[in-house]
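Visitor: Encoded as structure tokens, here's the structure I'll be asking about.
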Amino acid sequence: MTMAHFGGHGRTHLSEYAGDVWFGKLDARAKLVGIFVFVIVSAVLTDFVLVLVSLAVALTLVLASRLPVFYLARMYSAAVPFILFASVSVFLFGGWERGIEMWARTSACVLPLLVLAAGTETFDLFAGLRRLHVPAVITTLLMLTQRYILLLSEELSRMSIARKARGFRGARNLLDRYGVKVVAFTAGMVLVRSFDRADDIYEGLKCKGFGQEMTPWRRSRVALKDGLLALGLATVAGLLLTVQLGVIT
């Protein structure tokens, strides 16, 4: 039952649509294996046509998942600056085809990972990693990190509302000493308040039996539909890799 205490109701802003689509009901282990195999293979493809095919498969997965496209697009937009930086860099030294290839390859890797994150409840994802025998210290660290990031976000939101209630509208520029002072004090208070809340949360977890290992609160078996997803993605990845290596022409 330990994991349930980390996530409250088991839904976060990142995976808020996971329970509403068929993709979210699949076993996390099958999704992890299938998507990671596909992403790894997509990352090593160098043939322009094959890279475009992998991008098409990634877009198909996005549409087939039934997750809101606008939501995934908003998540994708956070990665766009990094993707553009890499693509433009390659374009300047390798030409437009290499630049487009870099964009397509990176997008083919990012989109399935976004589907995995948005289409799997956060703590189901951690439980899936643990069932795949990822070391307990890693899964527990990821779980605690995710929980405390949410905690920092909550405290920052509260402090922002408090500042606005007192008439503060933000620093006009970096030379606005008063505005910078208020922002600095806010950052300090967020850290202090978050530290206090994190300490309370950890004490509460220890009272509920938490040690250094998390115990998944949901037991599941890999069903046929789960296996088909993993097998399908792995098969597509295998075909792309064999064509890349020249085994199939």
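Here, each number is a calculation from the coordinates, and none is a lab measurement. Nothing here was measured: the structure is a model prediction, and the numbers come from that model. All Cβ positions, glycine included, derive from the backbone under ideal geometry; neighbour counts span all protein chains shown.
Visitor: Taking the alpha-carbon distance from Lys225 and a cut-off under 28 Å, which lysines remain once sequence neighbours fewer than 8 residues away in the same chain are dropped?
Guide: Correct list for Lys225: Lys25, Lys31.
Visitor: What are the ³J(HN,Hα) values, in whole Hz, obtained from phi via the Karplus relation 6.51 cos²θ - 1.76 cosθ + 1.60 with θ = phi - 60°, for each residue of region 235-241 in sequence order, with x given for Gly and Pro?
Guide: Result, ordered by residue: 5, 4, 4, x, 5, 4, 5 Hz.
Visitor: Taking the beta-carbon count within 10 Å as an exposure proxy, list Arg29, Arg74, Arg193, Arg166 from fewest neighbours to most.
Guide: Going from least to most buried by this count: Arg166, Arg74, Arg193, Arg29.
Visitor: May I ask you to evaluate 6.51 cos²θ - 1.76 cosθ + 1.60, the Karplus curve with θ = phi - 60°, for each residue of region 24-35 and list the ³J(HN,Hα) values in order in whole Hz, giving x for glycine and proline?
Guide: Calculated HN-Hα couplings, in order: x, 8, 6, 5, 4, 5, 5, 5, 4, 5, x, 6 Hz.
Visitor: Quick one: Debye curve from the C-alpha atoms of region 1-145, no solvent, what's log10 I(q)/I(0) at q = 0.15, 0.21 Å⁻¹?
Guide: With one equal scatterer per Cα and no solvent, log10 I(q)/I(0) is -0.81, -1.27.
Visitor: Which order results if Ser54, Ser87 are arranged by neighbouring Cβ count within 10 Å, fewest first?
Guide: Ser87, Ser54
Visitor: In a shell of Cβ-Cβ distance under 10 Å around Lys31, excluding Lys31 itself, what net charge do Lys and Arg (+1) and Asp and Glu (-1) give?
Guide: Neighbour charge sum, excluding Lys31 itself: -2.
Visitor: For Phe48 and Lys206, calculate 0.36 nm times their separation in residues minus their Cα-Cα distance, and state this gained length in nm to one decimal.
Guide: Stretched fully, the Phe48-Lys206 segment lengthens by 51.6 nm.
Visitor: All other residues with a Cβ under 13 Å from the Cβ of Leu156 taken together, and with Lys, Arg as +1 and Asp, Glu as -1, what is their net charge?
Guide: Charge balance near Leu156 sits at +3.
Visitor: Net charge near Leu116: determine it from the other residues with C-beta under 13 Å of the C-beta of Leu116, scoring Lys and Arg +1 and Asp and Glu -1. Intermediate results must be reported in sequence, preceding the final value.
Guide: Values: positive: Arg29, Lys31; negative: Asp27, Glu121, Asp124.
Here the charged neighbours net out to -1.
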